[in-house]
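Visitor: Input: one structure, supplied below.
The values are calculated or read from the model by the stated rules, or taken from the named source; none is laboratory data. As the structure is a computational prediction, the values presented were derived from the model and not from experiment. As a convention, Cβ positions derive from the backbone with ideal geometry for all residues, glycine included, and neighbour counts pool all protein chains shown.
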Amino acid sequence: MKNPPSLDSLIAALKVLPGVGPKSAQRMAFHLLQRDKAGAERLARALDKALSNLTHCERCNTFSETPVCNLCADASRRQDLLCVVEMPADLLMLEQAHCHDGLYFVLMGRISPLDGVGPRDVALEKLFHRALDGVVEEVIVATNFTAEGEATAHVVTELLKNRGLKLTRIARGMPVGGELEYVDPGTLAQAMFERRKL
Amino acid sequence: MQPGKVDHQPAYVLHSQPWRETSLLVEVLTRDHGRLTLVARSARRPQSALRGLLLPFAPLTIAWFGKGELRTLHAADWQGGVPQLSGMALICGFYLNELAMRLSARDDANPALFAAHDAAVRALAREPAYGAVLRRYEWALLTALGFAPPLDADDAQRPIDPAARYHVVPDASPHRLESGPADAGVGGATLIAMAAGDYADPAVRHEARGFLRACLDHHLGGRPLATRELLQAISALPE
């Protein structure tokens with residue numbers, strides 16, 4: 001017994017999602033078609049709309065429906081400060097923290113050689129032109145403090161050094177309100193290695 | 001006692017990737033059990049104690065249980081003493097990890113490989129002479145895996161002459177060149193220094209690099225190293 005071709009193609013399409021194998025994809029397809037047809041329609045329309053409307057912001061490379069996103073178009077933000085992050089979720093978190101009133105650049109990924117993700121797979125060239133537009137004075141590298149995030153930070157630094165820009169990296173150390181007694185030893189050790197002069 | 005339980009095993013994380021909703025799939029190099037893959041359950045939850053621990057280039061002792069290919073991480077303890085690698089040292093660290101992942105066999109206990117890995121990570125964190133660290137690691141890795149060509153004598157069983165030149169291939173003794181240009185092959189002095197692990201001389205490092213690269217490429221089976229490509233991409237960045 002074989003599935004009708006359109007069901008098969010739906011199952012195959014669902015398998016593009018990370019962590020979804022043939023069994024999960026089949027389960028999702030049956031659920032959408034049998035139990036939640038309205039949801040399936042919403043999903044189809046939302047996907048279609050996102051695909052046709054969303055592009056990357058010309059300036060910060062995050063997802064946007066307009067050529068320049070709202071944040072980049074906001075003239076009240078400091079134009080000389082550019083904060084480089086890996087993903088849009090990082091940008092949202094920094095916005096929630098109300099700690100940065102400059103602009104952003106979203107790399108849309110991180111360099112991870114062991115996963116086969118190299119410098120060409122993140123938006124380094126776009127960052128290069130954005131950071132050297134003549135208005136930006138300081139570039140804050142806010143990639144993650146994972147090995148991959150640090151490797152990405154290194155490549156960004158190599159790309160932008162000696163070009164008259166001030167390059168900074170967000171600090172790492174004890175969490176705010178952290179007590180030495182309860183912090184994990186890796187964080188504590190690194191806070192000690194990177195202690196600052198008073 | 002759970003099946004296949006191992007406790008207090010010195011280990012380094014080589015690589016990790018997300019698995020299911022909140023877990024990590026961690027590739028580790030252990031001292032007495034070789035390279036293996038462990039599931040670290042809930043390691044990606046915000047409150048997980050494993051978050052700051054399961055990082056590459058940090059000496060750990062770990063415990064796991066389970067049978068078969070995929071075992072479950074039970075505990076990880078921070079051993080410390082090595083600051084997180086950054087900058088070029090970090091890229092070199094990725095290179096060590098990639099070599100270990102590509103060349104070592106799973107579940108093949110190899111304390112010599114672990115010792116070489118440990119020494120190389122500590123050296124990268126300490127000294128800026130990355131070239132010497134990488135050459136020493138490459139040779140130690142080839143030796144530990146039994147891939148290193150013998151360097152104690154040439155193919156006619158004569159001792160290596162520091163003044164002579166040798167033709168070297170990845171899996172046989174060096175062949176002494178009786179004539180030819182003065183920069184043909186590899187110098188005897190380099191082979192003696194390599195066997196002794198002495199890479200202080202830049203000329204030795206330079207000659208050893210080409211030879212080691214040929215040996216590694218021979219065993220890597222033609223697939224390029226991603227970290228080598230990354231290094232080339234960094235040096236090709238616009239000036």
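Visitor: For the subset of region B:26-53 comprising residues that are among the hydrophobic types (A, V, I, L, M, F, W, C) and at pLDDT below 90, which member is surrounded by the most Cβ atoms within 10 Å (Cβ to Cβ)?
Guide: Looking at the filtered set, the residue picked out is B:Ala43.
Visitor: Cβ contacts < 7 Å: first residue touching a residue at least 40 places away in the same chain (Cβ under 8 Å), restricted to region B:221-239; second residue among the small types (Gly, Ala, Ser), any location; separation 6+ or different chain. Result?
Guide: Short answer, once both residue conditions are applied: B:Ala226/A:Gly116; B:Ala226/A:Gly118; B:Leu230/A:Gly118.
Let's see how each residue does on (1) within 29 Å of the chain's Cα centre (by Cα); (2) more than 14 Å from chain B (Cβ to nearest Cβ); (3) more than 25 Å from B:Leu25 (Cα to Cα):
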site: A:Asn3; (1), (2), (3): no, yes, yes
site: A:Leu10; (1), (2), (3): yes, yes, yes
site: A:Gly19; (1), (2), (3): yes, no, no
site: A:Pro22; (1), (2), (3): yes, yes, no
site: A:Arg27; (1), (2), (3): no, yes, no
site: A:Asp36; (1), (2), (3): no, yes, yes
site: A:Ala40; (1), (2), (3): yes, yes, yes
site: A:Leu47; (1), (2), (3): yes, yes, yes
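Visitor: Report whether or not B:Leu96 is hydrophobic (A, V, I, L, M, F, W, C) and either without any contact (Cβ under 8 Å) to a residue 24 or more places away in the chain or away from chain A (no Cβ under 14 Å) (or both).
Guide: No.
Visitor: Would you confirm, using the coordinates I've provided, whether B:Ala11 is modelled with pLDDT of 90 or more and part of a strand (DSSP E or B)?
Guide: Yes.
Visitor: With the requirement that a residue be over 15 Å from B:Glu127 (Cβ atoms) and among the hydroxyl-bearing types (Ser, Thr, Tyr), what does region B:85-107 give you?
Guide: If the condition is that a residue be over 15 Å from B:Glu127 (Cβ atoms) and among the hydroxyl-bearing types (Ser, Thr, Tyr), then B:Tyr95, B:Ser104 are the ones that fit.
Visitor: (1) part of a loop (DSSP other than H, G, I, E, B); (2) within 9 Å of chain A (Cβ to nearest Cβ); (3) in contact (Cβ under 8 Å) with a residue 12 or more places away in the chain: which one isn't true of B:Met88, the others all being true?
Guide: (1)
Visitor: Where residues in region B:76-92 are farther than 16 Å from B:Arg31 by Cα and touching a Ser or Thr at 6+ places or on another chain (Cβ under 9 Å), which of them is surrounded by the fewest Cβ atoms within 10 Å (Cβ to Cβ)?
Guide: In this case the residue turns out to be B:Gly87.
Visitor: What residue, among those in region B:143-156 that are out of contact with any Pro (no Cβ under 8 Å at 6 or more places or on another chain) and either touching a residue at least 60 places away in the same chain (Cβ under 8 Å) or among the hydrophobic types (A, V, I, L, M, F, W, C) (or both), is farthest from B:Asn110 (Cα to Cα)?
Guide: Among residues in region B:143-156 that are out of contact with any Pro (no Cβ under 8 Å at 6 or more places or on another chain) and either touching a residue at least 60 places away in the same chain (Cβ under 8 Å) or among the hydrophobic types (A, V, I, L, M, F, W, C) (or both), the one farthest from B:Asn110 (Cα to Cα) is B:Ala156.
Visitor: Can you find, within region B:130-176, the residue that is farthest from the chain's Cα centre (by Cα) among those that are within 29 Å of B:Met101 (Cβ to Cβ) and either exposed (fewer than 14 other Cβ atoms within 10 Å of the Cβ) or basic (Lys, Arg) (or both)?
Guide: It comes out as B:Ala172.
Visitor: Could you run through region B:185-205 and say how many residues are outside any helix (DSSP H, G or I) and of a type outside the set (Gly, Ala, Ser)?
Guide: So the count comes out to 4.
Visitor: At the interface with chain B (Cβ under 10 Å from one of its Cβ atoms) and surrounded by fewer than 16 Cβ atoms within 10 Å (Cβ to Cβ): which single residue out of A:Phe128, A:Phe145 fits that description?
Guide: Just one listed residue meets the conditions, A:Phe128.
Visitor: Let me ask something else. On the basis of being touching a strand residue (DSSP E or B) at 6+ places or on another chain (Cβ under 9 Å), in a loop (DSSP other than H, G, I, E, B) and surrounded by 20 or more Cβ atoms within 10 Å (Cβ to Cβ), does B:Leu73 make the cut?
Guide: The answer is no for B:Leu73.
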